[in-house]
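The values are calculated or read from the model by the stated rules, or taken from the named source; none is laboratory data. Just so it is clear, the structure is predicted and the values come from calculations on it, not from any experiment. Cβ: placed from backbone, ideal geometry, glycine included. Neighbour counts: every protein chain shown. With ligands, DNA and RNA removed, areas are computed over all heavy atoms of the protein, side chains included. Shrake-Rupley method; radii C 1.70, N 1.55, O 1.52, S 1.80 Å.
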4 protein chains.
Amino acid sequence: MTIPKKMRAAVLYGPNDIRVTEVDVPVPKSEEVLIKVEACAICGSDPKIIAKGWPWAPPYGEYIPGHEYAGTVVCIGPNISEFKNGDRVVIEPHKGCGRCVNCIRGLYTTCLNYGDKDKGHRHYGFSTNGGYAEYAVNHINTLHHLPDNINFNESTLLTTLGTCLYGIEKIGGIYPGETVTVIGPGPIGLCCLRLAYVLGAGKLILAGTRKSRLDLGRQLGADEIIDINNTEIISEIDRITSKIGSDLVIECSGSAAGASNAVKIVKKSGRVCFLGMYHEDVLIDLNRAVQYNIRMGVARAEGMWCLERAIPLMADGRLCLRSLITHNFPLEDIKNAIDTFVQRKGGAIKVVINP
Amino acid sequence: MTIPKKMRAAVLYGPNDIRVTEVDVPVPKSEEVLIKVEACAICGSDPKIIAKGWPWAPPYGEYIPGHEYAGTVVCIGPNISEFKNGDRVVIEPHKGCGRCVNCIRGLYTTCLNYGDKDKGHRHYGFSTNGGYAEYAVNHINTLHHLPDNINFNESTLLTTLGTCLYGIEKIGGIYPGETVTVIGPGPIGLCCLRLAYVLGAGKLILAGTRKSRLDLGRQLGADEIIDINNTEIISEIDRITSKIGSDLVIECSGSAAGASNAVKIVKKSGRVCFLGMYHEDVLIDLNRAVQYNIRMGVARAEGMWCLERAIPLMADGRLCLRSLITHNFPLEDIKNAIDTFVQRKGGAIKVVINP
Amino acid sequence: MTIPKKMRAAVLYGPNDIRVTEVDVPVPKSEEVLIKVEACAICGSDPKIIAKGWPWAPPYGEYIPGHEYAGTVVCIGPNISEFKNGDRVVIEPHKGCGRCVNCIRGLYTTCLNYGDKDKGHRHYGFSTNGGYAEYAVNHINTLHHLPDNINFNESTLLTTLGTCLYGIEKIGGIYPGETVTVIGPGPIGLCCLRLAYVLGAGKLILAGTRKSRLDLGRQLGADEIIDINNTEIISEIDRITSKIGSDLVIECSGSAAGASNAVKIVKKSGRVCFLGMYHEDVLIDLNRAVQYNIRMGVARAEGMWCLERAIPLMADGRLCLRSLITHNFPLEDIKNAIDTFVQRKGGAIKVVINP
Amino acid sequence: MTIPKKMRAAVLYGPNDIRVTEVDVPVPKSEEVLIKVEACAICGSDPKIIAKGWPWAPPYGEYIPGHEYAGTVVCIGPNISEFKNGDRVVIEPHKGCGRCVNCIRGLYTTCLNYGDKDKGHRHYGFSTNGGYAEYAVNHINTLHHLPDNINFNESTLLTTLGTCLYGIEKIGGIYPGETVTVIGPGPIGLCCLRLAYVLGAGKLILAGTRKSRLDLGRQLGADEIIDINNTEIISEIDRITSKIGSDLVIECSGSAAGASNAVKIVKKSGRVCFLGMYHEDVLIDLNRAVQYNIRMGVARAEGMWCLERAIPLMADGRLCLRSLITHNFPLEDIKNAIDTFVQRKGGAIKVVINP
């Protein structure tokens, strides 16, 4: 396959100044491959870093964001047998340095050398260029083989699913048959909801405000819907669970109210997993947490190779998440794509760029 | 509801001497209820204790076996609000003493006061009378509410499922998307296979000898079948897993060969769960276990209230295990039922008595 | 041994109205024993319930508080072989109902039938009479044998140690050689500090305000002391840990500031255990918790029989905690004792009543 | 510091043909350092690989064994800030490829690319040259900083301790106050025994045959000694534990009898950790394991960076293991050193080479 020298890419030139322009196609080095990007989804963090930058990012004028992408391997660096040209792959954004104590113990999403490229750390789309481009270079540790029956658009959800699965793993897994409440029906919340079902939860409860997303949640397996605009979540959980509370609560709203409520609706000796991005400190009823013996977990991104775990579940059709991909745009329309995503135009949930 | 003074029951009078006769209906005491038994399945352990007795059992002439049963509550002892007359329930056989260190820590299937009735231990159908009778008395700790959409016959599988779930819990759960191999397609093996699917396993492999059961396994979700009569399990696993081995192996055959093979087909840093009843010591390649960093787990019965976890999964139709119930017999035909089960007449898998 | 009909006891007659008076000696029922109380320590929760009552407590005029006590068995109820007259015992306050799902799974400190005496729940000194009396009745599940080389005064710390150990168990244990920071050098904090050492922590850091307690912490094994009055905890932890943070933080101050700081000083992928009683909601930097991949645990009291685990460690002299017992008072002086404890007169840490 | 071109090293020329000769000093590459070896202990596996070779080893005539060593950094490769010349370090032998699924998840001692140097795997002293030489090159992932108060001889025990700690971690840790039985008082067994004490075990039992080692075990904290030559282990454990069994058994004898007994002396719902090298298949009473609900763990070497955890425990004097180092030899006497170790001359336990 002939690889051009130049490619189109969305480059960030300054706060909210993203432009599609021509840049050099990157060259893979040792343990790296070049990917022809087929699909790159917009994550909730993208508009924020496009607006404000990222402290460890390449300089403005060189920085290509985008970290939920998939494509085809078109060139491999030296000494790689794991991948070959033509392989379909999906990437995960984090590659740890491999030499700090966290990385050595497998905790590479919390690498102690974050942003230190010389020591081998990569965070594609953040501290290193990403997928809003025709081509991208990735370290092989960030690549996962994509079976033929997963299409590229759908596969961009795998990064999200990896984060959800890491959160679930860190809170101890889904216990068979338990009652799981998800707060916040955004992409992470809906993915958690569906994963909870696929991993054996019993009763599924979804709480949120946006009717279209709550309806989608019902299709994905929610047994009970709590519309927070119209009902009060604590009393609703009391009603549904006969005042016992939810065995597991997965907080995905990223709101202070959601996080605060999560601790209030969980059962004695139950568990809460926080997966939102919280833009302010959160008031927690810590006394209830202690007196109720609550375990609280979180997840920093798609750690512990959890993305890989989601692939067979998507491949055999169990996850049924394609309806989350609501919009596609070509690379040249990236501003429009971002607008659609941020303003949730046309009921947008996940918006995918196809470079 | 009028409760008679006398009932029909299958009483063990001596080794292999089980007779259906008339006995007193038992009377529930504190924290106990009386159940009208609707279905009691034959477990693989039943023919053995009928043949050989059980050291802690009631005396011959008084001992009623049977420990996988369900029915309707018809009389409740004092001070019980958890159940009421008319409730449909399924039982679990173990009730710990509640006062030894294991019971206090929740490990009641390994109660240190096993068989000590004065201290509150019960093992229904073993050390205490069980379910091959029109009525049975059970402590409320051994009762689980049965939703209307689970019929009594199917519900007798819940004890088996509880054991499987406890084994899965003790080995750390099913990891999402992992490859799980089940050795031995008996009731426990087939339940484990289906649970592995329902709890999120990726590739499912079933190994055994009996074609009809392997075929059933395929219907329950097995992606790969290894017929041990015709192929060699180690090389087959090598082929299927590209020489990496199975992430998790659940050994349910109860054979020395099965247990030995389980350690040989598991991946580096993988896990093996032994759930069989082994009638001889087993030769294990312990060096492989050490060098391959293998975690090995087991489960003593339906511990940690795991039976309860299976109920929502059966109630919403995910488990699809009704086809395991192959035969029903009235109580008077219990000898015939046992013969059918032991000799696997007519492809018998689970045989249920309906008193 | 002759047991009198009447005894002296500290009875709560109303808010802050505790009086030592004569009452009937209680009589042990099934699975219960009568204890001659030798020592009962004042817990931080005691002054609060004496001031405000406890919703599930016996009525004013009948309620005897006190839940950290030890003594000698003087009368046993029917059918008990675990204890005999003359046995030295220490008690734990929680006895679950034994029949709810939490109790059956061993989580008896979060019994779903809290306060329901008819169902068997007991919380000695809270919902049931306790140890500020010459005699007390306890269920055998709340008794632990006390070796001769632990004296009664010291043994009252075992309840505290049980809570600390449960917190440590629920956060995953002390990892060998790790850096542990304890915030709050009260009895729970100092016990956690010493336990961390005895269970294999590496560097130990203690943060607090009261010099005498910080000094005691140094004697108990603290390598570094942070006097929060004079230094800033975050920068101090940065200095001590070379900006990496503490592997484990155990928050025992019960203050909002302490809880908030705990999340700020922990290492990436580290752990925080909250063991305080928080009298207001706490502002948590939940975003740091998520981005830093922090596991957060708590403990409701001395669960999972953890008190028992502390006994051998105290018996062989490893714990060295006797210096925490700073004052002793006879029962008649209980008001004085409480004053001493609350106002920390004479550097009071733990104050013990000897009835 | 001037580094010579040539050095003395013990090179394996064929089965049992090890000769001290002159070879080139190796040169560190990227992420590697050169170490002046100060001490290299003989491990039980060394005589075996010297006698039989190792399938993945360098060719005879070039292969330098030795994998328990420590020394001083004398030259660092490019781009390393973690170490500098003059640093005292101890090494661990395993460095995973860093790119297989096991390595990415932190399970590098079970790297799926074992022996593949091109992919970055190293096993110093096995598949790569080791420490029976004046100098050795190591990847920085295999280095641990050595505090001044640990001498080089003692530090060679850290690899052993890393393996013990990994075994303990994989079996779930030492539970505070529990009864731990160690079978086999070799270096691994004695290290496990001492670690169990330092990590908070209650009663410690040591079983073995060699009086001098059993005596040493008593000095290291064993409360009970079982001399298998003179007593029967099962009845002794019954006696010591009042027929309850040992909470945790750590099998370090590497014998089939030891492994078989380990499963027979463990408590209901207890745990067994196998840490021996087993040269034959082992007959296990798997039925007891299942009926007794036994968790079984192992450890492949010093995984999960566990060696690092042992350093603070050795540095502050808690481990007290210096007496395990019984002999020192210069490099030129390596054959004598090996003989002393193998034949246990002069009560040899650990024999250290000082090149």
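Take every Cα pair under 8 Å whose residues are at least 6 apart in sequence, average their separation, divide by the length of segment C:1-69, and the relative contact order is 40 percent. Per residue of D:155-163, other chain Cβ atoms within 10 Å of the residue Cβ number 0 on average.
Summed over all non-identical Cα pairs, the Kirkwood treatment of segment A:162-234 gives a radius of 12.1 Å. With semi-axes defined as the square roots of five times the eigenvalues of the C-alpha gyration tensor, the equivalent ellipsoid of segment B:260-355 measures 35, 20, 12 Å, largest first. Taking only alpha carbon atoms, segment D:142-198 gives an Rg to Rh ratio of 1.00, where Rh is the Kirkwood radius. Computed from the alpha carbon atoms alone, the convex hull of segment C:134-280 holds 142 Å³ per residue. Per residue, the Cα convex hull of segment C:40-101 amounts to 151 Å³.
Compute the Cα gyration tensor for segment A:1-106, then decide on rounded, prolate or oblate, letting a ≥ b ≥ c be the square roots of its eigenvalues: rounded whenever a/c is under 1.5, prolate when a/b is larger than b/c in the other cases, and oblate in all that remain. Oblate, because a/c is 1.5 or more while a/b does not exceed b/c. In order along segment D:26-33, the Karplus-derived 3J(HN,Hα) couplings, from 6.51 cos²θ - 1.76 cosθ + 1.60 at θ = phi - 60°, round to x, 10, x, 9, 4, 6, 10, 10 Hz, and Gly and Pro are given as x. For segment C:207-221 versus segment A:167-194, the spacing of their alpha-carbon centroids is 42 Å. Computed over protein heavy atoms with a 1.4 Å probe, the accessible surface of segment A:48-102 works out to 36 Å² per residue. With only Cα atoms counted, segment D:117-216 has Rg and Dmax values of 16.6, 48 Å.
Mean per-residue shielding of peptide C:302-309 is 4, counting Cβ atoms of other chains within 10 Å of each Cβ. DSSP finds beta bridges in chain C, and of those with both partners inside it, around 55 percent are antiparallel.
Among the residues of A:196-203, the average count of other protein chain beta-carbon atoms within 10 Å of the residue beta-carbon is 6. Compute for chains B and D the buried accessible surface, both sides summed, probe 1.4 Å, and express it in Å² to the nearest 100. The contact between D and B buries close to 3300 Å². Applying the criteria of a DSSP loop state and at most 13 other Cβ atoms within 10 Å to the chymotrypsin sites (Phe, Trp or Tyr not before Pro) of segment D:187-290 yields no site.
Per the Kirkwood formula applied to alpha carbons, segment A:105-163 shows a radius of gyration over Rh ratio, Rg over Rh, of 0.99. Compared with the rule-of-thumb size 2.2 N^0.38 Å for a compact globular protein, segment D:33-185 has a Cα radius of gyration ratio of 1.09.
Would you tally the net charge around C:Gly189, using a Cβ to Cβ cut-off of less than 11 Å, leaving C:Gly189 out, and scoring K and R as +1, D and E as -1? Result for the neighbourhood of C:Gly189: +2.
The alpha carbons of segment A:25-71 give a radius of gyration and a Dmax of 12.4, 33 Å, in that order. Close amide-amide hydrogen proximity is noted between B:Ile353 and B:Cys40, B:Ala41, B:Ile42, B:Phe329, each under 5 Å apart and 5 or more residues distant or on a separate chain (H modeled in the peptide plane; Pro and chain starts excluded). Counting Lys +1, Arg +1, Asp -1, Glu -1, what net charge surrounds A:Pro93 among other residues with beta carbon under 9 Å of its beta carbon? It works out to a net charge of -1. Dividing the convex hull volume of the alpha carbon atoms of the protein assembly as shown by its residue count gives 178 Å³ per residue. Checking the Cα-Cα distances for A:Lys243/B:Lys117; D:Lys52/D:Lys119; A:Lys52/A:Lys335 against a 23 Å cut-off, the pairs over it are A:Lys243/B:Lys117; D:Lys52/D:Lys119. I need the fraction of alpha carbon pairs in segment C:189-272 separated by more than 18 Å, rounded to a whole percent. The share of Cα pairs beyond 18 Å in segment C:189-272 comes to 36 percent. The separation of segment B:240-269 from segment D:1-71, counted between C-alpha centres, amounts to 37 Å. Computed over the protein assembly as shown, the per-residue total of -39500 (n - 2.57) for DSSP H runs of n ≥ 4 gives a 222 nm mean residue ellipticity of -7000 deg cm²/dmol, rounded to 500. Near D:Asn141, once Lys and Arg are set to +1 and Asp and Glu to -1 for all other residues with Cβ below 9 Å from its Cβ, the sum equals +1. Over segment A:1-52, the alpha carbon radius of gyration divided by the compact-protein estimate 2.2 N^0.38 Å works out to 1.36. Filter B:Lys264/D:Lys345; B:Lys268/D:Lys267; A:Lys5/A:Lys29; B:Lys268/C:Lys203; C:Lys95/C:Lys267 down to the pairs with a C-alpha to C-alpha distance above 26 Å, please. Beyond 26 Å between Cα atoms: B:Lys264/D:Lys345; B:Lys268/D:Lys267; B:Lys268/C:Lys203; C:Lys95/C:Lys267. Projected onto planes of every orientation and averaged, the convex hull of the alpha-carbon atoms in chain A covers 17.3 nm².
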